[in-house]
1. Pairs of alpha-carbon atoms within less than 8 angstrom and 6+ residues apart define the contacts here; what relative contact order does the chain have, in percent?
2. Which one of 31, 223, 15 has its Cα pushed farthest toward the positive end of the charge dipole of the chain, where Lys and Arg give +1 and Asp and Glu give -1 at the Cβ?
3. Just 68, 218, 226 to compare: in a GNM of the chain, with alpha carbon springs under 10 Å, which one fluctuates most?
4. Using θ = phi - 60° and the Karplus relation 6.51 cos²θ - 1.76 cosθ + 1.60, list the HN-Hα couplings for region 134-141 in order, rounded to whole Hz, with x at every Gly or Pro.
5. If I stretch the segment between residue 249 and residue 208 completely, what's the gain in nm (0.36 nm per residue apart, minus their alpha carbon distance), one decimal?
6. Treating region 1-114 as a set of equal point scatterers at the Cα positions, no solvent, please give the Debye-formula log₁₀ I(q)/I(0) at q = 0.14, 0.22 Å⁻¹.
7. Report, in deg cm²/dmol and to the nearest 500, the calculated mean residue ellipticity at 222 nm for the chain, where each DSSP H run with n ≥ 4 adds -39500 (n - 2.57) and the sum is divided by the residue count.
8. Is the shape of region 46-103 rounded, prolate or oblate, going by the alpha carbon gyration tensor and its root eigenvalues a ≥ b ≥ c, with a/c under 1.5 for rounded and a/b larger than b/c for prolate?
Amino acid sequence: MTSSGLQPRQDGDAALRLLRDGPLDLEGRLVDASNTTLRGILTLDGATARCVYKPVRGERPLWDFPDGTLAGREVSAYLVSQATGWDLVPPTVLRDGPFGPGSCQLWIDEPEDAEPLVGFVPAEALPPRWFPIAAARDDDGAAYALAHADDPRLARLAVLDAVINNADRKGGHVLVGADDRIYGVDHGVSFHVESKLRTVLWGWAGRQLPPDAVEMLGALAGQVAGPLGAELADHLTISEVAELAARIDRLRDTGRFPQPPEDWPAVPWPPM
């Protein structure tokens, strides 16, 4: 939520204008992030909102992703999310900021009474309709389970992650907004040409995709072959856009959620 009342879904165009053109005043750094991640305030034409600004110069070099490309991948995840019609990623743009070019994303405040959808729960008290994903123990040796809700909103996010090949879907990257919608954030390590899907949302692995996902994938394939693909080419390589199209085709062919990989860690660390 923002002080102007901007919501990602209802005021998407206004949010994008604010993100692109609003003067950016920094509030501080999010210290838990591995790359430089700054929170700021944007103001334009009487509208004010918080944002997350990730300058390219603050990206930590990775062995498997080209340097300086994570901000563009954040924007690409938003563009694909918009093309699905599901609005799962907050408005995100590439813009200049106090530390140079970087991604700028609308900040999502979670209500204090928001019910968590992913987390560690006592192994003997798994909530109804929750999927256990991995076993764990606390410092005292008590048994816990990493688990998530069997929630159609999360299922859509799992489909999006499979489409963009998200290598880092932590539980903390799933936010519940004030409008009771869920949002996925932190997509800098997505769209690799090699299969790198790593997520805490494996509860539907191998199950049939819901009808709305099958319909969405058909429409998305056409968009990647057209204007969406051209827009993504500003941020991704030709090979990455082509592999995006290939992943969509594979999901349509199987009609099922992907299975955890056998040659790649299935769950990110830390998972939350």
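1. Details: 507 pairs, mean separation 45.7, N = 272.
With pairs under 8 Å counted, the relative contact order is 17 percent.
2. Towards the positive end, the residue furthest out is 223.
3. It is 226.
4. Whole-Hz 3J(HN,Hα) from phi for region 134-141: 8, 8, 8, 9, 7, 5, 8, x.
5. Working: separation 41, 0.36 × 41 = 14.76 nm, distance 1.51 nm.
So the extension gain works out to 13.2 nm.
6. -0.55, -1.28
7. -8500 deg cm²/dmol
8. The shape class here is oblate.
The values are calculated or read from the model by the stated rules, or taken from the named source; none is laboratory data. The structure presented is a predicted model; accordingly, all values stated were derived computationally and were not measured. When we count neighbours, we look across all protein chains shown, and the Cβ atoms used for this are built from the backbone with ideal geometry, even at glycine. What goes into the accessible areas is simple: the full protein's heavy atoms, side chains included, and nothing from ligands, DNA or RNA. Shrake-Rupley method; radii C 1.70, N 1.55, O 1.52, S 1.80 Å.
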